[in-house]
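Single-structure report; data block below.
The values are calculated or read from the model by the stated rules, or taken from the named source; none is laboratory data. The shown structure was predicted, so the numbers you read here are calculated from the model rather than taken from an experiment. Positions of Cβ are backbone-derived with ideal geometry, glycine not excepted, and every protein chain shown enters the neighbour counts. Heads up: the accessible areas ignore ligands, DNA and RNA and are worked out on the full protein's heavy atoms, side chains in. Shrake-Rupley method; radii C 1.70, N 1.55, O 1.52, S 1.80 Å.
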Amino acid sequence: MFLGRVIGRLVPAVVTPGLEGVPLLWVQPLDKRGAPDGRPFVCADGTRMAGPGEMVYWEASREAALTLEPSFVPVDHAVLGIVDDLQRDAEVGP
Amino acid sequence: MILGRVAGRITSTIGHRDMAGRTLLVCDKLDAQGRPAHGYVIAIDTVGAGAGQTVIILDEGTGARQILGVADMPVRSVVVGVVDDLG
């Protein structure tokens, strides 16, 4: 799993069967400190509650497809949860 | 499996039901010399690993689901060991 920041919600006009009703988010991947790192991508929202600005954690590939009910939705990225707090262990260093 | 170093943790109350009660550790991925080098991964802890410890991370879904005992759990990365010595 990795960190991400929700930067938008997508409302599709048309989707392929199996994606109907799947909430889609526009997500900016983050590094371990929460700074933007990499290209944004479209992510299914496994929580159905994540909003713009929130830090989330996400998973890719098969695990993403397993996140939503009924599972095996045709997605390659999915949000698994909303981050309440990201703690960095002080003594570990950079 | 890969080697990591526990560098932090996240807390989350809103998430997938299989994540409830799990400890989510932010782990640096280590290079051959045991230094953080290849990014990070958030892994579910199963051995009580502490801050700064070098850990073994299983990074594959089927194995992860087997260890956690939850079929169809959307997880791939699990901390499965703490390393005492990297000789």
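Numbers at a glance
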{"read-out": "Å² per residue, accessible surface of the protein assembly as shown at 1.4 Å", "value": "47"}
{"read-out": "Longest segment of chain A lacking trypsin sites (Lys or Arg not before Pro) that sit in a DSSP loop with at most 15 other Cβ atoms within 10 Å", "value": "A:49-94"}
{"read-out": "Largest-first principal axis extents, alpha carbons of chain B, Å", "value": "38, 24, 21"}
{"read-out": "Dimensionless Rg over Rh [chain A; C-alpha; Kirkwood]", "value": "1.01"}
{"read-out": "Fraction of accessible area attributable to carbon and sulfur, the stretch A:2-82 (%, probe 1.4 Å)", "value": "59"}
{"read-out": "Given charges at beta-carbon only (K, R positive; D, E negative), |dipole| of chain A in Debye", "value": "260"}
{"read-out": "Accessible area buried, both sides summed, chains B and A with 1.4 Å probe, Å²", "value": "2600"}
{"read-out": "Relative contact order computed over chain B (Cα-Cα under 8 Å; 6+ residues apart), in percent", "value": "30"}
{"read-out": "Residues in the stretch B:35-73 that, when all protein chains are in place, have 40 Å² or more less accessible area than the chain alone would give (probe 1.4 Å)", "value": "B:40, B:42, B:51, B:65, B:72"}
{"read-out": "Among A:63, A:54, A:20, residue whose mean-square fluctuation peaks in a GNM of chain A (springs only between Cα atoms under 10 Å)", "value": "A:20"}
{"read-out": "Chain A: most fluctuating residue of A:30, A:68, A:19 per GNM, C-alpha cutoff 10 Å", "value": "A:19"}
{"read-out": "Furthest towards positive pole of dipole, A:67, B:11, A:15, structure part the protein assembly as shown, Cβ charges", "value": "A:15"}
{"read-out": "Interface residues in the stretch A:46-94 - accessible area drops by 50 Å² or more relative to the isolated chain, probe 1.4 Å", "value": "A:57, A:63, A:66, A:80, A:84, A:87, A:89, A:92"}
{"read-out": "Percent RCO, i.e. relative contact order, over chain A, from Cα pairs under 8 Å lying at least 6 residues apart", "value": "28"}
{"read-out": "Heavy-atom accessible surface of chain B: percent carbon and sulfur, 1.4 Å", "value": "48"}
{"read-out": "Residue of B:52, B:15, B:63 that the Gaussian network model of chain B assigns the largest fluctuation, springs spanning Cα pairs under 10 Å", "value": "B:15"}
{"read-out": "Residue (of B:78, B:67, A:78) at the positive-pole extreme of the protein assembly as shown, dipole from beta-carbon charges", "value": "A:78"}
{"read-out": "Charge dipole magnitude, Cβ of K and R +1, D and E -1 - chain B, Cα centre, debye nearest 20", "value": "220"}
